Amino acid sequence: MSTIAANVRDVFQRMKLAAGRAGRDPESLRLVAATKSVDVHCILEAISAGATIIGENRVQEARGKFKEIYGEQSESIRKGVQWHLIGHLQTNKIKYIFDIFSLIHSVDSLPLAEEIQRGAEKRGLTTDILVEVNISGEKTKFGVLPERVIDLVKDISRLKNIIVKGLMTIPPPSESPEDSRRYFKMLRILRDDINREGIDIKELSMGMSKDFEVAIEEGATLVRIGSALFGERKE
């Protein structure tokens, strides 16, 4: 068994145990293999080991990897593997997302959503998205502030070719996973508040290699794991 395969197996087991501690069904969780700066060979190893969602930060990088893996072949060749955009989306890259990504984790404004809407409508598609929340209010981070989330979700939900599936966040960096718990809890409460407004969203994309078990305990449905699968990133 390769190191990557062993890591995938280990992360799945840790996800299962975390779900058990929270009294959750492990089947309600999904692993997003975060593959920024990871080469195609390693991505294919992770897929062979059971990773079914590939998460890319940069549209241009994803395009190159996607073409290298699939070439010009049809959708059926993907064999159940999804690609998610987990990094910031620039408006000039929107035209490329529709052929690659099944979920966009990082929509943080109505103008960005409207640009996606125009592209999706032009192609006769619907696009699933998550709203990115700057849960800690850090000035250096993307994401809508918590107090504006409900209004933004309501506005985006009126767009015919976009479906809001849930929320995403990245907590402040910390040495202790426990320091992230309150931010994950805040995102879950926001999701529940939105549901009470009559908008049905379920997904919570939160938790990375150092804190994903805490995120699962607080309700994460998608965990974005990079270094625990592929080792420390080489920029």
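Readers should treat all values here as calculations from the given coordinates under stated rules, not as data from a laboratory. Note that this is a predicted model, so its numbers are computed, not measured. A quick note on method: Cβ atoms are made from the backbone with ideal geometry, for glycine too, and the neighbour counts reach across all protein chains shown.
Treat the count of other C-beta atoms within 10 Å as a stand-in for reagent exposure and order HIS105, HIS88, HIS41 from fewest to most.
HIS41, HIS88, HIS105
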Classify the range 37-143 as rounded, prolate or oblate from the Cα gyration tensor: take a ≥ b ≥ c as the square roots of its eigenvalues, call it rounded if a/c is under 1.5, otherwise prolate when a/b beats b/c and oblate if not.
-> oblate
Where the only charges are on Cβ atoms (+1 Lys, Arg; -1 Asp, Glu), what is the dipole of the chain about its Cα centre, to the nearest 20 debye?
-> 280 debye
Within the set VAL11, VAL164, VAL223, GNM on the chain using Cα springs under 10 Å gives the largest fluctuation to VAL11
From the cross-link list LYS65/LYS185; LYS154/LYS202; LYS36/LYS160; LYS185/LYS210; LYS36/LYS154; LYS67/LYS160, which pairs have alpha carbons spaced over 25 Å apart?
-> LYS65/LYS185; LYS36/LYS160; LYS36/LYS154; LYS67/LYS160
Can you give the calculated 222 nm mean residue ellipticity of the chain, where each DSSP H run of n ≥ 4 adds -39,500 (n - 2.57) and the sum is split over every residue, rounded to the nearest 500 deg cm²/dmol?
-> -11500 deg cm²/dmol
Under the rule rounded for a/c under 1.5, else prolate if a/b exceeds b/c, else oblate, using alpha carbon gyration tensor axes a ≥ b ≥ c, the range 75-126 is classed as oblate
Farthest toward the dipole's positive end in the range 135-182, which of PRO173, LEU159, GLY143, given Cβ charges of +1 (Lys, Arg) and -1 (Asp, Glu) about the Cα centre?
-> LEU159
Top of MET208, MET186, MET168 by mean-square fluctuation, Gaussian network on the chain, Cα under 10 Å = MET186
Pick out, in residue order, every one of the GluC sites (Glu not before Pro) in the range 1-99 that is DSSP loop and has at most 12 other C-beta atoms within 10 Å; say none if there are none.
-> GLU72
Before anything else, pin down the relative contact order of the chain: Cα pairs under 8 Å, at least 6 apart, normalised by residue count, whole percent.
-> 21 percent
For a footprinting-style exposure proxy, rank ARG191, ARG158 by other Cβ within 10 Å, fewest first.
-> ARG158, ARG191
